[in-house]
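What follows is a short report on a single structure.
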Amino acid sequence: MYEISIQNVTKRYDDQLALDNVSLRIEEGEIFGLLGPNGAGKTTLIHLLCGLIGMDSGDILIGGRSMKKSPEKLKALIGYVPQEIVLFDTLTVKDNLEYFGRLYHLSGTRLKEKIQSALAITGLKDHHKQKVKKMSGGMKRRLNIACAILHDPKILVLDEPTVGVDPQSRNHILEAIREMNRTQKMTVLYTSHYMEEAEALCDRLMILDLGKELVQGTKTEIIRTVTNESVVEILTDYLPTGITEAFQEVPGVKKASVRDGKIHLIVDSSDPIVEKAVRLLDGLEVKVRNLSVDNPTLETVFLSITGKALRD
Amino acid sequence: MFDSVWKATGAIFSKDFKVIKSQGFSTLLLFLFLLALGLLYGLMYQNVFDQNIHWTPLPVFIFDETGSSEPGFAEDLLSPDRFPFIELHKAFSSLDFEEGLANQKNAVGLLIKEEEGQTKIYWRSVGEKSIEKNILFQAIEKGVEEALWHTRTYAILGPRAADFMTEWEILAARPLIREVPREDIRVLSSLEYYLISLFTGFCILFTTEFVRDREQRLIARSFTAGIRKSTLYWSNFLSNFVLVFAVALVYFTIVFGIFLRIPVPLGPFFGAVIVQAMVVSAFQSLLGGVCKNRKVELVISLLALFTMLYLGGAFFPVEVMALERIAEFMPNFQLFKLYEGLVLGHPGLDATRLGILFAQSAVMALVGWFVFKKSEVL
Ligand SMILES: Nc1ncnc2c1ncn2[C@@H]1O[C@H](COP(=O)(O)OP(=O)(O)O)[C@@H](O)[C@H]1O
Ligand SMILES: [Mg+2]
């Protein structure tokens, strides 16, 4: 078993508290998202997990074994993708992979095979002879990941792997993570300060700010802690009289009104209201020109808990 | 443990080798520069020693008022054997002396007088200052000092003085005498520069990949692969050693075979190059352990280099500076002595020097290992 259990971890840098009594549990095969603005402590937590720094108190267990007691053995289970691009930039893609592969004690045909599959997963097959310094940012990010998966890690830790990446590479990266999680049952710890990305990818999440846990759970659970309301706006060709009253009757609608010539509904987010609304308008022979559903996002959650936007 | 050091060394070495290869042309240029540097230094040093100064003749007029009949102290001192540029004129009267001087555009007059029971030498210069006058003045000063030393010794010791003086001269002469033919000294002097150039090359031009990797967090990333600190450190040391050995072997083959053209015995030559590679890679490891980035590395290695240059005898012969004791602590001095032995045809390599070099390398490498902290690579 390779579940990760982070228990009451505290880490200080001089007088600054980078992590304050943080606990979390990541189940085997799960994609777990660590979210938070810059300086939240995400990287610090990852450095602790990868044994790069020591903690002041608490412990980290992987499959029940303490990181403090057998760090070398546990490190071999982890594939670590650093926040920066950490590669030999005068070397080629293949040379980089070879170096890291050999550090993981791979050699010969096994090393060759692993390099091929890492290239395939990250979509770098056609670039293996290219020098790193001549590659685009997105390509480097992909190689940054490829170097971490050569040894078939049970746990993949990615520290903001999509920062400064073009959309194509970003999709590729997210797809690769899903793929490895699905086919190899790889446990993934993913950090980001892009909420949408984390929402889309992760099974469960934790939001961290200034070293403290704000909330933890599945996306719905987290949003529930703050609100369970969504906003639906409908633009129609005309507004029949009594329309707000009609909507008020629809189950799941908490409040209906007309704003700026649009029908404005506040609804229960767990209730699929759209279909009912369209059917109602159809019955009244009103044509829908535009319809938007504004579900609360993690961004909303963060804003409402901390009073500040994530990307500050 | 040993197996993993071996594997890690393989990974690190092949990486370092590829990095150097990938820089291909610039690496070649650096190597040529290294050769040029040694050559340049060597030539400079030789020129200082070989320079045939064109002496301007300097008329020197002497008048000894004390009237002692035997050849005086000053004439003894100013014999043409010692100073080829002196044209000595002995005056027999004050008038003679003054006229002689007055007729010259550039000359020196030495007037020896008896005053208040003391013999005094007066220095009179006609014309511009010159290097010849300077040398003469210093020689007279030194001569007076020596004469005083003699007179006092004889006054104090009486009959025992003669024996004492003989023994003293033997003692005093010892550190200044070097029974090496002048030709060899010149060759060796430039050898010192080739050595220093190699150090310079590795410290500044080739730079240690270790510090570069450390700066770019590649060492930190390597640690997440579960590699131990000691494995990583000693693997880097070994990898450096192999690379330095290869470069030093080519370099010194060129130096001895083409530049200096001295035949040396092959076995001890290899031995010396191996020791050389060990010292340089130990020094690199020390830098790797101590320096967090290449700026710090550059500063420290420059400091170390200049210390070695000054105290190890590359700028001045250590015998002259009376710094031989301190020089013993400088690896470049010890290496120089090792190569000197080769050139002078000593059988094998000097065991004491080998011991000192091993100890120095061990200290450097171990200090680097001790200072290098896993927690400081981020
Ligand atoms: N090596 C360090 N020395 C001192 N302070 C640090 C160090 N690393 C991180 N910090 C501080 O710890 C806090 C958390 O940083 P970090 O873990 O990098 O956040 P994130 O990855 O979420 O942006 C920040 O306030 C940062 O300034
Ligand atoms: Mg970070």
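Quick one: pull the percent of accessible area on the protein assembly as shown belonging to carbon and sulfur, 1.4 Å probe, ligands and nucleic acids left out.
With neighbouring chains kept in place, the figure for the protein assembly as shown is 57 percent.
Give the aspartates and glutamates reachable from B:Lys18 as a straight Cα distance under 20 Å; neighbours fewer than 8 places away on the same chain don't count.
A:Asp89, A:Asp95, A:Glu98, B:Glu209, B:Asp213, B:Glu215
Below 22 Å Cα-Cα, how many Lys pairs turn up in segment A:92-151? Only count pairs eight or more apart in sequence, or on different chains, if you could.
Total qualifying Lys-Lys pairs in segment A:92-151 comes to 21.
Mind checking which lysines have their Cα closer than 24 Å to the Cα of A:Lys276? Skip sequence neighbours fewer than 8 apart in that chain.
A:Lys254, A:Lys255, A:Lys262, A:Lys287
Could you pull the accessible area for B:Ser14 with a 1.4 Å probe, rounded to 10 Å²?
30 Å²
Would you tally the net charge around A:Thr191, using a Cβ to Cβ cut-off of less than 9 Å, leaving A:Thr191 out, and scoring K and R as +1, D and E as -1?
It works out to a net charge of -1.
Would you please give the FRET efficiency between B:Asp96 and B:Leu157, computed as 1/(1 + (r/R0)^6) with r the Cβ-Cβ distance and R0 = 41 Å, to the nearest 0.05?
My answer for the efficiency is 0.55.
Hey, with R₀ at 25 Å, roughly what FRET efficiency would B:Ala36 and B:Gln138 work out to, going by the Cβ-Cβ distance, to 0.05?
My answer for the efficiency is 0.10.
Using the Cα centre of segment B:58-161 as the reference point, and only Cβ charges (+1 on K/R, -1 on D/E), how large is the resulting charge dipole? Debye, rounded to the nearest 20.
With Lys and Arg at +1 and Asp and Glu at -1, about 320 debye.
Rounded, prolate or oblate: which fits segment A:72-111, taking a ≥ b ≥ c as square roots of the Cα gyration tensor eigenvalues, rounded meaning a/c under 1.5, else prolate when a/b beats b/c?
oblate
Which parts of segment A:52-69, residue by residue, lose 30 Å² or more of accessible area when the rest of the protein chains are there, as against the chain isolated (1.4 Å probe)?
Output list: A:Leu52.
Just tell me how shielded A:144-156 is by partners: mean number of partner chain Cβ atoms within 10 Å of each residue's Cβ, no decimals.
Shielding by partners across A:144-156 averages 1.
Between B:Arg325 and B:Glu87, what FRET efficiency comes out of the Förster formula 1/(1 + (r/R0)^6) with R0 = 45 Å and r the beta carbon distance, rounded to 0.05?
That gives a FRET efficiency of 0.55.
A:Ser107 label point, 7 Å along Cα→Cβ, cut-off 17 Å on backbone N: hits in segment B:213-252?
B:227-228, B:231-232, B:235-236, B:238-239, by backbone N distance to the label point.
Among A:Thr236, A:Leu265, A:Ile305, whose Cα sits farthest toward the positive end of the charge dipole of chain A (+1 at Cβ of Lys/Arg, -1 at Cβ of Asp/Glu, about the Cα centre)?
A:Ile305
Please give me the summed charge of the neighbours of B:Phe63: other residues whose Cβ is under 12 Å from its Cβ, Lys and Arg +1, Asp and Glu -1.
-3
At a 1.4 Å probe radius, which order do B:Phe336, B:Phe92, B:Phe245, B:Phe358 fall into by accessible area, largest first?
B:Phe92, B:Phe358, B:Phe245, B:Phe336
Taking the Cα centre of the protein assembly as shown as origin, work out the dipole magnitude from +1 charges on Lys and Arg Cβ and -1 charges on Asp and Glu Cβ, in debye rounded to 20.
For this selection, approximately 2900 debye.
Choose one of B:Gly226, B:Tyr194, B:Leu378: the residue whose Cα lies farthest towards the positive end of the charge dipole of the protein assembly as shown (beta-carbon charges +1 Lys, Arg; -1 Asp, Glu; about the Cα centre).
B:Gly226
Around B:Glu328, with a cut-off of 12 angstrom between Cβ atoms, what is the net charge of the other residues, counting Lys and Arg +1 and Asp and Glu -1?
Cβ neighbours under 12 Å give a net charge of +2.
Quote the accessible area belonging to B:Leu286 in square angstrom, nearest 10, computed with a 1.4 Å probe and with ligands, DNA and RNA left uncounted.
Surface open to solvent at B:Leu286 totals about 40 Å².
With just the Cα atoms defining each centre, how far is segment A:1-37 from segment B:362-378? Give it in Å.
30 Å
Note down, for segment A:25-181, the three equivalent ellipsoid semi-axes (square root of 5 times each alpha carbon gyration tensor eigenvalue), biggest first, whole angstrom.
26, 19, 14
What accessible area per residue, rounded to a whole number of Å², is obtained for segment A:11-150 using a probe radius of 1.4 Å?
40 Å²
Would you mind computing, in nm to one decimal, how far apart the modelled labels at A:Arg279 and B:Leu266 are, each placed 7 Å from Cα along Cα→Cβ?
So the label points at A:Arg279 and B:Leu266 sit 9.7 nm apart.
Starting at 0 and stepping by 10 Å, how many percent of the alpha carbon pairs of segment A:227-294 end up in each bin?
Pairs per bin, as whole percents: 22, 63, 15, 0.
Determine the total buried accessible area between chain B and chain A, counting protein heavy atoms only with a 1.4 Å probe; round to the nearest 100 Å².
Result for this pair: about 2500 Å² buried.
Evaluate peptide B:215-222: per residue, the Cβ atoms of other protein chains within 10 Å of its Cβ; return the mean as an integer.
The per-residue average across the peptide is 6.
Please work out how much accessible surface A:Ser136 shows to a 1.4 Å probe, ignoring ligands, DNA and RNA, in Å² rounded to 10.
Roll a 1.4 Å probe over it and A:Ser136 shows about 60 Å².
Can you list the HN-Hα couplings for segment A:184-198, worked out from phi with the Karplus curve (6.51, -1.76, 1.60; θ = phi - 60°), rounded to whole Hz and with x for Gly and Pro?
Whole-Hz 3J(HN,Hα) from phi for segment A:184-198: 10, 6, 6, 7, 10, 10, 10, 10, 6, 10, 9, 4, 4, 4, 5.
Compute the distance from the alpha-carbon center of segment A:217-282 to that of segment B:217-258, in whole Å.
69 Å
So which residues in segment B:6-32 end up with at least 40 square angstrom less accessible surface once the other protein chains are there, compared with the chain by itself, probe 1.4 angstrom?
Listed in order, they are B:Lys7, B:Ala11, B:Lys15, B:Lys18, B:Ser22.
What number results when the radius of gyration of the protein assembly as shown, computed over Cα atoms, is divided by 2.2 N^0.38 Å?
Computed over Cα atoms of the protein assembly as shown, the ratio equals 1.57.
Using a 10 Å cut-off around each Cβ of peptide A:100-110, what is the average number of partner chain Cβ atoms that fall inside?
Taking all residues of A:100-110 together, the mean is 5.
Shape verdict for chain A, please, from the Cα gyration tensor: rounded (a/c under 1.5), prolate (a/b greater than b/c) or oblate.
Note, shape of chain A comes out prolate.
Sort A:1-13, B:119-131, B:231-243 by the packing proxy (mean of other Cβ within 10 Å over each peptide's residues), most packed first.
So the peptides A:1-13, B:119-131, B:231-243, ranked by packing, come out B:231-243, A:1-13, B:119-131.
Going through segment A:11-101, which GluC sites (Glu not before Pro) have at most 16 other Cβ atoms within 10 Å and a DSSP loop state?
A:Glu27, A:Glu28, A:Glu84
The values are calculated or read from the model by the stated rules, or taken from the named source; none is laboratory data. Because the structure is a prediction, the values reported are computed rather than measured. Glycine also receives a Cβ, built like all others from the backbone with ideal geometry; neighbour counts cover every protein chain displayed. For accessibility, only protein heavy atoms count, side chains too; no ligands or nucleic acids. Shrake-Rupley method; radii C 1.70, N 1.55, O 1.52, S 1.80 Å.
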